[in-house]
Amino acid sequence: FDALVQAAAQVLVRDGYENASVNDIADRAGCSIGSLYQYFPTKEALIAEVLRLHAQRVIEAFMSKMIAFAHVPVREAVRGVIGCTLDAYALDPALLKVIVEQVPRTGQLARSTELEQQVAMMLRGYLEFHREELVIANIDLAVKILVHGIDGVATAMVVEDPKLPARNELADELTAMVVRYVA
């Protein structure tokens, strides 16, 4: 199972979604096509598992560091959360690029919203706790803007050009933008 999922991720990165074949994946995993079909009835089911595991890795990387920012000043918390986001998205930029650009977002391959929901919940709690320090009136709206805005920028930078700008420069610019918005 694990070998098939790992092989699928490698073939997906190497060949792209359309050209990734179950035969190539089975060969790469060192198993027969019949063995592949015992675990995954379709290519989409296998790729859905790749997406699920990638999302799980991103969530674990992100959430493992989040607790440290619960009671720190706004600017420090914002910088920390943005740094965690960029680090999590950079876990496997080649795979993220294929996921974002090539994998359909329907059926079994629909995007996981688990990370988005967990970040939104934590962010909402943080903003409520620090409400007196903030200038935003509508926390729910601010959470949506922040979650989708940072996700969009982080995804674009990892997918489009992971070398430019430097990670710290990007984190500094995003921190400045968010702090100006919320505080």
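The values are calculated or read from the model by the stated rules, or taken from the named source; none is laboratory data. Here the structure is a predicted model, which means the values were calculated and not measured. Note: accessible area is taken over every heavy atom of the protein model, side chains too, but ligands, DNA and RNA are not part of it. Shrake-Rupley method; radii C 1.70, N 1.55, O 1.52, S 1.80 Å.
General observations
- Partner aspartates and glutamates whose Cα lies under 17 Å from the Cα of LYS144, excluding those fewer than 8 positions away in the same chain, are identified as GLU114, GLU116, GLU128.
- Per residue, region 61-183 exposes 56 Å² of accessible surface when a 1.4 Å probe is rolled over the protein heavy atoms with every protein chain present.
- For the chain, taking Cα atoms only, Rg and Dmax work out to 18.8, 61 Å respectively.
- Here is how the number arises for the chain: DSSP H runs of 4 or more residues each give -39500 (n - 2.57), the sum is divided by the residue count, and the result at 222 nm is -24500 deg cm²/dmol.
- D (Stokes-Einstein, µm²/s), Kirkwood Cα radius, region 1-102, 0.692 mPa s at 37 °C: 219 µm²/s
- On Cα atoms only, tilt of 74-89 relative to the major axis of the chain in degrees: 10 degrees
- Within the accessible surface of the chain, defined with a 1.4 Å probe on protein heavy atoms only, the carbon and sulfur portion equals 56 percent.
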